[in-house]
Each structure stands twice: as structure tokens, then as C-alpha cells.
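Please read the structure below before turning to the comments.
None of the figures in this text is laboratory data; all of them are computed from the coordinates on show. Worth saying up front: this structure is predicted, and the values here are computed from it rather than measured. Counting neighbours? That spans all protein chains shown, and the Cβs are built from the backbone with ideal geometry, glycine included.
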């Protein structure tokens with residue numbers, strides 16, 4: 001599964017430009033699933049319930065979602081000397097930018113530089129940064145206004161942890177793919193959806209939620225932790241297992257969906273954590289309010305340094321997510 | 001050139017009409033009259049959108065929506081003081097700095113008023129350096145009592161900037177410039193009227209939308225009802241060419257043709273539509289520019305998310321000083337935007353295939 005994580009995180013795909021990630025995932029979808037791409041670019045893989053499953057009242061129409069897109073930058077201006085000005089695609093933090101590298105779709109690399117600051121004690125805003133792509137004028141600049149770039153960073157193991165760019169949410173994609181591969185039998189009508197444009201407003205989840213029209217929805221995405229030095233208080237730690245979302249900044253998880261996951265973990269002896277996230281949200285919040293409403297929840301992979309070029313997850317937590325999803329989807333689901 | 005009729009006469013009437021978000025009736029009446037003989041059907045929906053339908057030749061099974069918003073930013077009266085002055089709030093995004101000493105016209109009766117400001121002689125130390133906030137300002141209609149003020153301008157009435165539509169020589173192509181309020185988005189409305197003179201291969205739906213400036217609201221229900229396979233939003237976008245020492249983006253520039261939005265904070269344009277319209281520009285000799293991608297937001301922001309999603313694109317006429325009492329555009333940009341809209345739409349069936357969906 002580590003190879004899977006490496007290939008997914010090193011793939012290029014800022015919000016709105018997910019085609020490369022989509023093709024990579026599409027090539028890994030196991031037999032038994034039929035896949036299609038919808039209008040927005042979401043990849044929707046479907047495995048119908050076995051004959052008799054739904055009719056016997058045991059199977060449900062369940063949608064699982066992980067987003068393919070990553071945060072990045074978009075070029076706003078090429079100046080007379082060939083330097084690029086840029087804005088964010090999704091929630092980019094200025095602090096870790098200087099000296100970082102970005103990569104454009106064509107493969108071109110750029111180095112992020114920073115203007116001289118009058119007051120170096122304050123974090124500069126994004127408009128004080130620029131990108132050097134080795135050009136000397138607009139004429140020899142290989143990129144143009146509107147082009148997007150992702151962080152450029154390799155995936156590496158550090159102890160039992162893995163660090164990479166775009167862990168948010170390729171790690172969720174990896175969990176879904178692994179679960180699809182290992183899920184032998186299930187009474188349910190299963191829809192694994194790899195969504196687009198989550199980082200810029202949960203947009204793919206809204207339209208695919210409308211299209212799939214699930215009875216139950218589950219997002220698989222990263223969440224923050226409170227276990228680093230002087231971190232904001234949060235009762236989620238790296239290495240303590242997958243986190244079952246109670247609430248976040250955009251959603252109260254459906255109580256039945258939350259209990260379904262917690263009970264499954266307990267029955268299977270899988271350590272897991274209860275997650276209350278004060279800021280941010282996931283695809284589940286958009287699916288929850290699609291059409292006339294969907295019972296929705298979220299299984300979270302704890303991650304450090306989220307939205308930096310080096311996000312960190314624990315491999316045991318990742319495996320724990322897969323271990324939890326398998327029994328959750330193998331048996332009947334009662335969400336009350 | 002059938003896509004460029006009526007300008008600037010229709011545009012003048014549209015710009016001078018009162019159409020603050022939520023009160024688009026006067027603009028709609030002008031449009032209804034202008035399109036009546038050009039369309040196969042039209043209706044006004046529950047929110048006030050004017051939606052027109054023009055059947056295609058049958059060569060394409062696509063259903064394509066083009067949208068332009070009727071509303072403009074302005075003010076709403078929130079009450080009267082005992083002294084007879086009127087309190088107000090802003091409707092849509094307006095910079096507080098453009099308000100003081102402006103003439104406004106209130107309601108359908110166009111009651112004139114002025115946003116009061118102390119004369120320069122009476123300013124106290126420090127006042128000169130501060131911009132008064134909108135909530136500290138009031139509108140003076142010359143009333144001497146609360147009752148008279150409420151009679152002239154009841155609470156809830158909307159007010160627009162009093163601003164004459166002026167044309168003058170100049171512009172990059174010598175075609176002249178327009179200075180007027182509400183170019184955002186009456187230029188889109190005028191171009192859309194022009195497009196209704198065409199008969200495309202596909203079924204064509206024109207939506208003149210309400211309440212864009214307060215949250216892209218009308219477009220959302222129009223797209224929900226019309227179920228388009230693709231959407232084009234016709235807009236007016238800001239050009240910020242004021243001199244600056246910093247070599248940074250002016251967003252768009254006058255005289256450089258329509259601005260294509262590849263993405264903005266409200267949506268990501270469908271790459272097939274971007275490609276089709278870019279090629280339409282290059283191959284037809286119509287200049288175009290790419291808008292700075294981190295600012296703004298248009299009706300495409302709500303249309304592209306409707307139901308299972310709609311491939312969308314925005315093209316816009318660049319204008320300086322938008323969302324103020326007077327904005328300025330180059331007429332060559334207006335004509336080029338109309339031409340690019342027509343050329344690009346003509347190419348849509350080829351660009352999208354017959355289903356309009358991705359593969």
C-alpha cells in the first residue's frame with residue numbers, strides 16, 4: 001500500500017486540474033466495479049449489490065468519497081523581468097512557502113521567492129511572494145496567467161510515518177482503493193467517488209452527491225491533530241488510529257452514521273478516536289445537504305502540517321482506516 | 001452584424017434604468033420589449049429572471065444557456081431621522097470611499113437625493129484624513145421632517161447612482177468609450193439581446209438574471225429549471241490600470257478584447273469551453289485576454305454547480321471603476337465580446353460532443 005500512497009501523492013492535480021490523478025486512479029480500480037466520469041470530472045466507481053441483496057432489505061445505497069484535488073497556486077501576472085505573481089488555489093499558507101518549489105502541469109519547476117520586507121516579524125501576505133521559473137522576460141516565460149502549479153515534493157518514510165505533499169486527500173483515495181480491492185463481499189450498492197474541487201468549495205461532492213443520490217454517505221479525508229509542540233488543543237493524535245468525526249466546521253455527523261463506525265471499530269477491536277474539528281470541513285458536508293438530505297459522516301486520517309508541502313500521516317492509522325471500512329461495509333447497516 | 005445591434009442605444013437605455021438587486025423590473029421591461037420579436041418563447045420565473053428560448057436548427061441536440069445579470073449594485077433606504085435625512089445600507093459590493101457627495105435617485109419615482117458630506121471649510125482636524133463609513137452617512141432629499149422623508153422614500157426603497165450615459169471619442173481602436181453606471185452587467189444584457197438574433201444549431205436559452213450582486217441567486221434557479229448542457233456567462237469585469245510602482249496584474253486592460261475567465265474564486269471554467277472560445281478568438285481575429293484568476297465571481301459560480309454540474313465559461317467586457325457611480329469601457333471591447341460570444345457558441349457542439357458531459 002506504500003507504493004500506492006507514493007504514486008498518488010506524487011501525482012500532479014491541483015483543484016480543477018485532476019485529470020492526471022483521475023487517470024491514475026482509474027487504472028487501479030479493481031474488477032467488479034464500473035466507472036464513469038461525470039460532468040464536473042468526478043470519477044464514480046460503482047459495484048451493484050449482489051442479486052437479492054437489496055431486495056432482502058439488507059443492502060443500502062452507500063457513497064464513499066475522497067477528493068482527488070490538492071491545493072496549489074495560480075499565476076496572476078508575469079512581470080517585465082519574467083517573475084510570476086500568484087494567488088492561492090485552496091487554503092495555501094504563506095509561512096512555509098519561501099524557498100519551496102512548485103511544478104506546473106507541463107513539468108516546469110519554479111522556486112518561490114519573497115520581496116524584501118520592511119517588517120520581518122509579521123507573516124507576509126501572498127502578494128509579497130513571487131515565483132522564479134528561470135525566465136528573464138514575458139517572452140521567454142514558459143507559463144502564462146491562469147496556469148496552476150502544485151508543490152513539488154517527494155513522498156518519504158520517516159519512522160512509522162509517511163510525509164508527502166497532497167496527503168490531503170490522496171491518502172483518502174488510497175484508503176478507498178485499498179478497501180475496494182480487499183472488499184470481497186458486501187450486501188450493499190456501493191459507490192466509490194473520487195471527487196474534484198474539494199479544496200475550493202466541496203464542488204465535486206455537491207454534484208456527485210446529487211447524481212449518485214445515496215442513502216448513506218461517508219467521506220474519507222484527513223483531519224488535524226493536537227499532538228505537536230504547543231499545538232492548538234485537539235483530542236486527536238497521530239498513531240492512535242482512525243478518527244470518527246463527531247463534528248467539524250461545516251457538519252454535524254449523522255448520529256447513526258457515527259455510531260455505525262464506532263460500533264464497527266469496537267466489535268473488530270480496532271483502536272479509533274472521536275474527532276471534533278473546530279475549523280474546516282469535508283465533502284461529507286456538501287453531500288449531506290444534496291437533494292433532500294443524506295445521512296452523512298466522515299472517517300478521518302489524522303495528519304500533521306495539513307496544507308503545507310510536507311503533510312505527515314501514520315501508516316498504522318492508514319491501515320486502520322481500511323481495516324475499519326471492510327467490516328463496516330461487509331455487514332448490514334442500521335443507522336437508526 | 002446581427003450580434004451588435006442596438007448599441008449603444010439599447011445599452012444607454014439599459015444603463016440608465018433603475019435595477020438594484022431585487023428590483024430589476026425596469027431593466028426587465030426594456031429587455032422584454034427588445035427580445036420579444038426575436039425569440040420562440042419567453043417567461044418570467046418566480047424570482048424575476050427573464051428567460052427566453054430560441055429553438056436550434058436541429059443540427060445539435062445540445063441545450064445551451066447564456067446568462068447576463070440585470071441587477072446593479074446600489075443602496076437601500078433603511079429609515080428616516082427626525083431631521084428628515086435618510087439612513088441607508090449598501091446593496092452589493094460598494095467601496096465606502098465612492099459614496100460621499102454622490103447624487104442618487106430613489107425608487108421608481110426617481111426621487112433625487114444627495115449623500116451628504118460636511119463641506120471642506122468645516123472639517124475638523126483629523127477628519128480630512130479619514131473616509132467616513134457608509135453607516136455614518138445619510139441621504140438628503142430635502143425633507144424637513146421624518147414624515148416627509150418617509151413619504152418620499154419609504155423604508156425598503158432602493159436607490160441608484162444618478163449618472164448620465166456618456167460616449168466620447170477615444171479607445172484603442174478609435175471606436176470610442178462609454179462612461180456610465182451599471183455597465184456591470186448591462187453590457188452582458190445588451191450582448192445577449194444581440195445573440196438572440198442568431199439561430200444556433202442547438203437550442204438556446206437566454207437568462208437575464210436577478211440578484212447576481214447579492215449572491216448569484218437568480219442564475220441558480222434559472223439553471224435548475226432549464227437543465228442546460230453548457231453555460232456561457234456574459235459579464236463586465238474590472239480593469240485596474242491605475243498607475244502603480246509595483247509590476248503586478250491590472251486584472252484586465254481596456255482595449256485588449258474580451259476577458260476570458262479560466263478560473264475565479266466562484267468556479268473553474270470547463271477547459272473545453274476555454275479552448276473553444278480561445279480558438280474562436282485566434283481563428284476569427286478577435287483579440288482576447290485572460291482575466292486575473294484570483295478575484296471576482298459571476299453567475300457561473302452558481303450555474304456550474306446545479307444538479308450534476310454544468311460545463312461553464314465566463315467572458316467579460318473589461319471596464320474601469322465598476323461598482324461606482326461611473327465606469328468606463330472601450331466600445332471595441334464591447335463589440336469584440338459580442339463577436340467572440342457568437343463565434344464561440346457556434347463552435348460549442350464540436351467542442352463538447354453531443355452529450356456535453358465528460359468522458
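Please compute the alpha carbon radius of gyration of region A:1-90, then divide it by the globular-protein estimate 2.2 N^0.38 Å. Two decimals is fine.
In units of the 2.2 N^0.38 Å rule of thumb, it is 1.55.
The alpha carbon convex hull volume per residue for chain A rounds to 133 Å³.
Where does each of B:55, A:165, B:291, A:181 land when they are ranked from fewest to most other beta-carbon atoms within 10 angstrom?
Lowest to highest Cβ neighbour count: B:55, A:181, A:165, B:291.
Estimated at 0.36 nm per residue, the fully extended path between residue A:291 and residue A:247 surpasses their Cα-Cα distance by 13.7 nm. If the Kirkwood radius is taken over C-alpha pairs of region A:254-336, then at 37 °C and 0.692 mPa s the Stokes-Einstein diffusion coefficient equals 230 µm²/s.
Compute the length gained on full extension between residue B:173 and residue B:241: take 0.36 nm times their separation in residues and subtract their Cα-Cα distance, giving the result in nm to one decimal. Show your work: numbers first, answer last.
On the way: separation 68, 0.36 × 68 = 24.48 nm, distance 1.78 nm.
That works out to 22.7 nm of additional length.
Taken over region B:160-227, the alpha-carbon convex hull comes to 130 cubic angstrom per residue. In this rough spin-label picture, where each label sits 7 Å from Cα along the Cβ direction, the residue A:185-residue A:28 distance is 2.8 nm. Rounded to the nearest 500, the helix-only mean residue ellipticity at 222 nm of chain B stands at -7500 deg cm²/dmol, with each DSSP H run of n ≥ 4 adding -39,500 (n - 2.57).
Take peptide A:13-26, look around each residue's Cβ out to 10 angstrom, count Cβ atoms belonging to other protein chains, and average those counts.
Details: counts 0, 1, 2, 7, 3, 0, 2, 0, 0, 1, 0, 0, 0, 0.
Average neighbour count from other chains, rounded to a whole number: 1.
Please compute, over every Cα-Cα pair in region B:92-238, the percentage with a separation greater than 22 angstrom. More than 22 Å apart: 60 percent of the Cα pairs in region B:92-238. Pairwise alpha-carbon distances in region B:253-359 exceed 15 Å for 64% of all pairs. Relative contact order of chain A: 23 percent, from C-alpha pairs under 8 Å at least 6 residues apart in sequence.
Angle check, please: helix B:271-284 long axis (alpha carbons) against the longest principal axis of chain B (alpha carbons), in degrees 0 to 90, nearest 10. Result, in degrees: 90. Arranged from fewest to most other beta-carbon atoms within 10 Å of their beta carbon, A:24, B:192, A:262 become A:262, A:24, B:192.
Taking the C-alpha atoms only, the angle from helix B:217-226 to the longest principal axis of chain B is near 30 degrees. When B:203, A:132, A:140 are sorted by how many other C-beta atoms sit within 10 angstrom of their C-beta, beginning with the fewest, the order is A:140, A:132, B:203. Which FRET efficiency value, to the nearest 0.05, do you get for residue A:132 and residue B:37 by plugging their Cβ-Cβ distance into 1/(1 + (r/R0)^6) with R0 = 56 Å? Given R0 = 56 Å and the Cβ-Cβ separation, E is 0.45. Taking only the C-alpha atoms of region A:15-160, Rg followed by Dmax gives 21.3, 71 Å.
Calculate, in nm to one decimal, what residue A:228 and residue A:80 gain on full extension: separation in residues at 0.36 nm each, minus their alpha carbon distance. Write down the numbers at each step before the final one.
Working: separation 148, 0.36 × 148 = 53.28 nm, distance 4.31 nm.
Extending this stretch completely gives an extra 49.0 nm.
For region B:194-279, relative contact order (Cα pairs under 8 Å, six or more residues apart, normalised by length) works out to 13 percent. Per the Cα gyration tensor, the protein assembly as shown maps to an equivalent ellipsoid with semi-axes of 46, 29, 27 Å, ordered largest to smallest.
Helix B:183-195 versus the longest principal axis of chain B: what angle, 0 to 90°, nearest 10, using Cα atoms? On a 0 to 90 degree scale, this one is about 30. Judged by the ratio a/c of the largest to the smallest principal axis of the C-alpha gyration tensor, region A:207-278 counts as oblate, that ratio being 1.5 or greater while a/b is no larger than b/c.
Summarising the label geometry, the points placed 7 Å from Cα in the beta-carbon direction at residue A:116 and residue A:319 lie 5.4 nm from one another.
Quick one: of the DSSP bridges fully inside region A:143-275, what percent are antiparallel, nearest 5? Please list the in-between numbers first.
Working: 5 of 8 bridges.
The answer is about 60 percent antiparallel.
Here the spin labels are modelled as points 7 Å beyond Cα on the Cα-Cβ line, and at residue A:263 and residue B:225 they lie 4.6 nm apart. Computed on region A:189-240, the Cα convex hull volume stands at 130 Å³ per residue.
Determine the percent antiparallel among the DSSP beta bridges restricted to chain A, to the nearest 5. Please report the intermediate quantities before stating the final value.
Values: 41 of 64 bridges.
Just about 65 percent of them are antiparallel.
If both residues of a DSSP beta bridge must be in the protein assembly as shown, then about 65% of such bridges are antiparallel.
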